[in-house]
Amino acid sequence: MFTVATNFWEFISSVTRKAFSSRFVFSKTAVTLSKFDTLVLKCVFSKRVCCVIFCLWIFLDKPFVLILWIDKTLWNATETLKKIFWKDCIDFYGNFSKKYLFLKPNLKPLMKNQYFHTVVKKLSRYENNVIHCDKVKSMIQQILDHEYSDKKAYKMIYYLKNRWYMLSVKKDIFYIKDQESKVTQQEIIDQFYWTIVRNHCKEYLRWPWYIAGIKALELHISNFDQPEELTIVNWEKQSTEILMFNKKIIFKKYASGNAELFSKLNKFSKKLTIGKFSFQVSCLELAILESLYSPNLLTENYVKEILKKLIKKYSKIIDVALFGQILRLGKHHSSVNRLYQIAQSVDPDFATLIWDVIRKYSFQIDV
């Protein structure tokens, strides 16, 4: 049986110095919280501080409150210090609980260490990949067997994230990594953006759907960068959702979910391969009109510059007749008028063709 040190604070000193190395200095204070006697240990790093509190149950059923103080300027300045800080906290918790928490006869450990290490080992098969929360929970359930509960599964996931074995990409989606490896959000986005777009649409939409608007226009000029907002046209859903990290996906439907109108517009989409997947994307002519629909101050000039380059280079291959077919569906009258104004300053002959389409299938609007 482990023998407790006669001087409790001597023991705390030795454990703390071992766990946090020489970067920290400590002092002690005894306080009372409600009905509990509380032992407080302050690890002081500097005068300008912010604090994090951990509660550990120790002998005599008294809560042990560990107050960690760290320099606020350094905390804000470096991610590396944060990682070191949290790792040291976890190591301290592990060292302390190993010696004390399991000595109490009536205190059952929350999670067995071997379970955690088994989960880590199984997760390593998916290293450098994205995985759904349900798959992680299923894995944990197999390991815990009859001891499994959703509460324990989410606690295990919490520990995995705090110990840098996984990163949250979006709700219920995690990136699995080695604990010591470093990866940026942009690297994950570059690798998995289109995979998550496909899976997200597959989960929340019924086929068919297609990529529309500015991104569709960019794809036609071989720009495969990941946009801040991706527009997906479908017949059933209208919403803005988080796709991954700070990237958003905008689900758009026409005429209150008019399935007939959508099916007609969907005929103007075409398959385009992006990475290892194929996506339905607005054809060039539809993408031009969609990108000019209700422009905002952030995108208006950008779209104009793209269209000027397109008209200069591809005015001979843009199918003007398709503009007429789209307009006959009762959509994009303001867009075709904006296109006419842009074309006038770039290619008068092309502008004349657009004007003929407006006279035949639309009407002039001051835009």
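The values are calculated or read from the model by the stated rules, or taken from the named source; none is laboratory data. What you see is a predicted model, and the numbers here were worked out from it, not measured in a lab. In this analysis, Cβ positions are derived from the backbone assuming ideal geometry, glycine residues included, and neighbour counts consider all displayed protein chains.
Annotation: L167 fulfils all but one of (1) free of Cβ contacts under 8 Å to residues at least 40 places away in the same chain; (2) in contact with a Phe, Trp or Tyr (Cβ under 9 Å, 6 or more places away or on another chain); (3) closer than 15 Å to F116 by Cα; the unmet one is (3). Does E203 qualify as being in contact with a helix residue (DSSP H, G or I) (Cβ under 9 Å, 6 or more places away or on another chain), free of Cβ contacts under 8 Å to residues at least 60 places away in the same chain and either surrounded by fewer than 15 Cβ atoms within 10 Å (Cβ to Cβ) or farther than 30 Å from I317 by Cβ (or both)? So E203 does not fit the description; no.
Hey, does region 283-300 have a residue that's at pLDDT 90 or above, of a type in the set (G, A, S), exposed (fewer than 13 other Cβ atoms within 10 Å of the Cβ) and not in a helix (DSSP H, G or I)? Within region 283-300, none of the residues are at pLDDT 90 or above, of a type in the set (G, A, S), exposed (fewer than 13 other Cβ atoms within 10 Å of the Cβ) and not in a helix (DSSP H, G or I). Comparison of E290, E260, E300 shows that the only residue that is more than 20 Å from E203 (Cβ to Cβ), touching a residue at least 40 places away in the same chain (Cβ under 8 Å) and charged (D, E, K, R) is E290. If you check I131 against the conditions, is it touching a His at 6+ places or on another chain (Cβ under 7 Å), modelled with pLDDT of 90 or more, buried (at least 17 other Cβ atoms within 10 Å of the Cβ) and not small (G, A, S)? So I131 fails the test. When I342 is tested against (1) at pLDDT 95 or above; (2) surrounded by fewer than 19 Cβ atoms within 10 Å (Cβ to Cβ); (3) touching a helix residue (DSSP H, G or I) at 6+ places or on another chain (Cβ under 8 Å), just one condition goes unmet, and that condition is (2). Of the residues contained in region 189-209, one or more are found to be of a type outside the set (G, A, S), under 30 Å from L272 (Cα atoms) and in contact with a Cys (Cβ under 8 Å, 6 or more places away or on another chain).
Evaluated against (1) surrounded by 13 or more Cβ atoms within 10 Å (Cβ to Cβ); (2) in a strand (DSSP E or B), K271 falls short on exactly one condition, (1). Residue pairs, Cβ under 7 Å, 6 or more apart or interchain, first in region 138-160 and without any contact (Cβ under 8 Å) to a residue 12 or more places away in the chain, second assigned to a helix (DSSP H, G or I) and surrounded by 15 or more Cβ atoms within 10 Å (Cβ to Cβ). List them. From region 138-160, the pairs are Y148/I140; Y148/Q141. Scanning region 319-328 for residues that are part of a helix (DSSP H, G or I) and under 17 Å from A216 (Cα atoms) gives L322, F323, I326.
What about Y159, is it at pLDDT 95 or above, part of a helix (DSSP H, G or I) and surrounded by 14 or more Cβ atoms within 10 Å (Cβ to Cβ)? It is false that Y159 is at pLDDT 95 or above, part of a helix (DSSP H, G or I) and surrounded by 14 or more Cβ atoms within 10 Å (Cβ to Cβ). When you scan region 208-230, do you find a residue that is of a type outside the set (S, T, Y), more than 27 Å from I311 (Cα to Cα) and either in contact with a His (Cβ under 9 Å, 6 or more places away or on another chain) or free of Cβ contacts under 8 Å to residues at least 24 places away in the same chain (or both), even just one? No, the conditions are met nowhere in region 208-230.
Of all the numbered requirements in (1) assigned to a loop (DSSP other than H, G, I, E, B); (2) under 30 Å from K331 (Cα atoms); (3) basic (K, R), K215 misses one, and that requirement is (1).
Candidates K360, K316, K331, K271: the one that is without any contact (Cβ under 8 Å) to a residue 24 or more places away in the chain and over 15 Å from L217 (Cα atoms) is K316. Name the one entry in K182, K247 that is of a type in the set (K, R), on the phi < 0 side of the Ramachandran plot and exposed (fewer than 15 other Cβ atoms within 10 Å of the Cβ). The match here is K182.
Sort out which residues of region 96-128 are at pLDDT 55 or above, more than 30 Å from N199 (Cβ to Cβ) and assigned to a helix (DSSP H, G or I), and write them in order of number. Of everything in region 96-128, those that are at pLDDT 55 or above, more than 30 Å from N199 (Cβ to Cβ) and assigned to a helix (DSSP H, G or I) turn out to be N113, Q114.
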